[in-house]
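To start, the structure itself, in structure tokens.
The values are calculated or read from the model by the stated rules, or taken from the named source; none is laboratory data. None of the values given here were measured: they were computed from a predicted structure. Every residue, glycine as well, gets a Cβ built from its backbone with ideal geometry; the counts of neighbours run over all protein chains shown.
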Ligand SMILES: Cc1cc2nc3c(=O)[nH]c(=O)nc-3n(C[C@H](O)[C@H](O)[C@H](O)COP(=O)(O)O)c2cc1C
């Protein structure tokens, strides 16, 4: 149903500016006029950080920046949705154009710069869905003009306690000056310490990291993750590198690259972090997933859960069910009765 519908809509969406197309997609999802996905196969169910996921496939942050359609995303068959990044104050973001499609590479470059309606608007949306089933995480960002960036994350914890199934501290978007420096050892220790202290309940807090990290950066993050009590790492955000892209005007646009060219790079960081954390910190694999085989590769590299965004732009919402079906088959082929058993199969620790 979703497949043929998207085939019809795709040429229209692709003829529009990326942000217009996205707005139309959100409007379509808001109507709720599509069938609810069937329950996932039992082999896909998994428990991570005390949360019971019906399947390990989630929608990555940035798709639903203001928490307008998390339940529609769950209806498509996702195991969970991550909304945000949300910042305390509303923010316009960078001047347009700021999203660039690279269809021949199944990729996108964006320099949105945390355009979002702020905590208040997100709070209204999250309040509306309170009491509904389904795992919805809130991804927290910091305003561009905030001096003490860590404080913005603390404000996020305060704002969404009791509404978020989990929190993500996003210190890895390349489009907010200074944000990524929060990944350094000292800054990260302080940030994570303050955020975890701000928590009243035991709601899990995840840290989302960049793929553009030196070996020292990776070691520092692994050490902080092991020492601080952070619940999981999300690996990764978009890259500022242009590896795997054919040179061209669009490829030179400033911003974060996502989609297929990010796959190998982010999977490498994922397996490195599994080794560095000795498998003791749950990992969430993101970056360039466009098939069940890709999701399975991330899982075997150490991901307990996965997320995707860019491939949905090109393949549409039916991709979620396709990945679920293929992942189920791949697990059965290799004799795994549960997705949990396949986690890290290629990266022994
Ligand atoms: C247009 C766009 C906006 C994004 N906005 C955010 C964001 O607000 N917060 C965040 O943590 N990641 C954001 N991301 C990064 C994605 O969540 C994801 O980490 C990245 O795109 C890699 O996954 P993919 O290759 O499946 O897209 C954004 C990505 C895109 C393409």
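If you go through region 25-52 and keep only what is closer than 15 Å to residue 168 by Cβ and in contact with a helix residue (DSSP H, G or I) (Cβ under 9 Å, 6 or more places away or on another chain), you end up with just 48.
Looking across region 293-318, just one residue is assigned to a helix (DSSP H, G or I), more than 25 Å from residue 207 (Cα to Cα) and in contact with a helix residue (DSSP H, G or I) (Cβ under 6 Å, 6 or more places away or on another chain), and that is 318. Of everything listed in (1) at pLDDT below 95; (2) surrounded by fewer than 16 Cβ atoms within 10 Å (Cβ to Cβ); (3) outside any loop (DSSP other than H, G, I, E, B), the single unmet condition for residue 147 is (3).
Looking only at region 120-140, residues that are over 17 Å from residue 52 (Cα atoms), in contact with a helix residue (DSSP H, G or I) (Cβ under 7 Å, 6 or more places away or on another chain) and in a loop (DSSP other than H, G, I, E, B) come to 1 in all. Tell me which residues, restricted to region 300-310, are within 12 Å of the ligand (Cβ to nearest atom) and crowded, with 24+ Cβ neighbours inside 10 Å. Across region 300-310, the qualifying residues are 306, 307, 308, 310.
Rundown of residues vs (1) closer than 24 Å to residue 296 by Cβ; (2) more than 19 Å from the chain's Cα centre (by Cα); (3) exposed (fewer than 12 other Cβ atoms within 10 Å of the Cβ), yes/no style:
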| residue | (1), (2), (3) |
| --- | --- |
| 22 | no, no, no |
| 26 | no, no, no |
| 34 | no, yes, no |
| 40 | yes, yes, no |
| 51 | yes, no, no |
| 58 | yes, no, no |
| 63 | yes, no, no |
| 70 | no, no, no |
| 73 | yes, no, no |
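Here residue 82 clears all of (1) surrounded by 24 or more Cβ atoms within 10 Å (Cβ to Cβ); (2) over 23 Å from residue 327 (Cβ atoms); (3) near the ligand (Cβ under 10 Å from one of its atoms) except the condition numbered (2). Looking at 134, 141, 162, just one residue is surrounded by fewer than 18 Cβ atoms within 10 Å (Cβ to Cβ), under 17 Å from the mean Cα position of the chain (by Cα) and within 24 Å of residue 231 (Cα to Cα), and that residue is 134. Against the criterion of being away from the ligand (no atom under 15 Å from the Cβ), more than 15 Å from the chain's Cα centre (by Cα), farther than 28 Å from residue 185 by Cβ and in a loop (DSSP other than H, G, I, E, B), residue 77 qualifies. Do the conditions hold for residue 342, that is, is it in contact with a helix residue (DSSP H, G or I) (Cβ under 6 Å, 6 or more places away or on another chain) and more than 15 Å from the ligand (Cβ to nearest atom)? Yes; evaluated as a whole, the condition is true for this residue.
The number of residues in region 123-174 being farther than 21 Å from residue 284 by Cβ and within 14 Å of the ligand (Cβ to nearest atom) comes to 3. Going residue by residue through region 34-51, is there one that turns out to be modelled with pLDDT of 95 or more and within 15 Å of the ligand (Cβ to nearest atom)? Among the residues of region 34-51, not one is modelled with pLDDT of 95 or more and within 15 Å of the ligand (Cβ to nearest atom), which makes the answer no.
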